[in-house]
1. If you project the alpha carbons of region A:216-261 onto the principal axes, what extent comes out on each, in Å, largest first?
2. From Cα pairs below 8 angstrom and at least 6 apart in sequence, can you work out the relative contact order of chain A, rounded to a whole percent?
3. What is the spin-label model distance, in nm, from residue A:17 to residue B:34 if the labels are put 7 Å beyond Cα along the C-beta direction?
4. Could you tell me how many degrees, from 0 to 90 and to the nearest 10, lie between the Cα long axis of helix A:103-115 and the main elongation axis, the longest principal axis, of the Cα atoms of chain A?
5. Please report the base-10 log of the normalised intensity I(q)/I(0) for region B:76-137, using a Debye sum with one equal scatterer per alpha carbon and no solvent, at each q in 0.15, 0.25, 0.30 (1/Å).
6. At a 10 angstrom cut-off on C-beta neighbours, averaged per residue, how do the peptides B:67-74, B:135-142, B:40-47 rank from highest to lowest?
7. Determine the shape class of chain B: with a ≥ b ≥ c the square roots of the Cα gyration tensor eigenvalues, call it rounded for a/c under 1.5, and otherwise prolate if a/b is greater than b/c, oblate otherwise.
8. For region B:1-117, take the convex hull of the Cα atoms, compute a quarter of its surface area, and give me that in nm², please.
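Where a number appears in this text, it was derived from the coordinates with a stated rule and is not lab data. Treat the numbers as computed from the prediction; the structure is a model and nothing was measured. Note: ideal-geometry Cβ built from the backbone for every residue, glycine included; neighbour counts use all protein chains shown.
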């Protein structure tokens, strides 16, 4: 059964139609790579999934629960949107770590704040915070950053910052973890460490949607791939199949540019 | 008159400057924050109104604003309706400085990268959690230097209150001048230097405290 289903998603900025009816679904434990040239709508699609943009039309469901339905304003109330966002995690291209917090605090902050909404928080505050901290340390270790817990973002390299950002997203245990070109802001020698972490997550069967320009990575790590162009899905299917043997001429053209470089 | 007597009298009137300073700072900072929210509001009439207010306050002399606040109620409602002199001065200063502060806050808030807010949103934070736990400290770090400039200017501007006959330190010194003693007027500079020296040190400490992270 699909964990994530998007149906007929459209998005228009002013007069520009950025998404022209995107539909896809994703199975639990699978990784979906979205490829395509700049301006094809990949990032906008990801932002729609995370409620950072409101689609003009379409439905987004997670585990058969309709999270967003453009035709139903009741699904768009701000209070509820905030909760619904927690089904998704998002790792940004530019990391967006909070500069005034250490790596550890970046990871625990949101979880500590969410815990305040639980009944009986006051009495259990210390225990909850200790729990969150232990989890954050575990995540940092998993990211290969055990020794960096008390570093501030400006004391970390880009690759390290992005790994902290991944840990921060994982801490809230989202159903679907989304990556928006996670290595595009990194020096080439730093992309490897971030891709290795994402590969590790794929091996642990983390459900992921990854917008990427790393074709070899998409082919080797993703189960499914979607090729987008000009706001539509041109081709989708098994990652190896689509990237090694694209069926559409437009996909072939796009991939051949990567093969050359 | 002895140096000590003059010092004591100047110091006594300088208390008024200090009071004006403290009241203005305490009220203009929060008012400025509210005004900055108004000028950033997506509700057009509100943002126009606040921007017009800022325009008036920044484009006319503070001295004139003092006069307006003190004399206008009397002109409109008849004699006897003016506020006390010190209150009028404080009100004019608060209105004036809130306008400047609001522009600094607006710049500071808009200067915090939008990605910070989005990062908070995707982590399920509420708007107020994002403001208090993510944006605020970055905002403060950005605005300490320009706010510090305004605060130092405010210390000196308090002496403008003598224009509506508030007996602050310059007014006091001028009275000595009328009696043929000129040196007390020059001597008032020492009071301002000491006060602003303390302010400068305090601002430096705040900046240093916020030095542990980069924005």
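1. 25, 23, 16
2. Working: 470 pairs, mean separation 68.3, N = 261.
The value is 26 percent.
3. Modelled inter-label distance: 4.8 nm.
4. For helix A:103-115, the angle is close to 80 degrees.
5. The calculated log intensity ratios at q = 0.15, 0.25, 0.30 Å⁻¹ are -0.63, -1.00, -1.14.
6. Numbers: B:67-74: 16.2, B:135-142: 18.6, B:40-47: 11.2.
Averaged packing, sorted descending, gives the order B:135-142, B:67-74, B:40-47.
7. Values: a/c = 3.43, a/b = 1.60, b/c = 2.14.
Oblate, since a/c reaches 1.5 and b/c is not below a/b.
8. Working: hull surface 43.8 nm².
Taking the Cα atoms of region B:1-117, their convex hull projects to 10.9 nm² on average.
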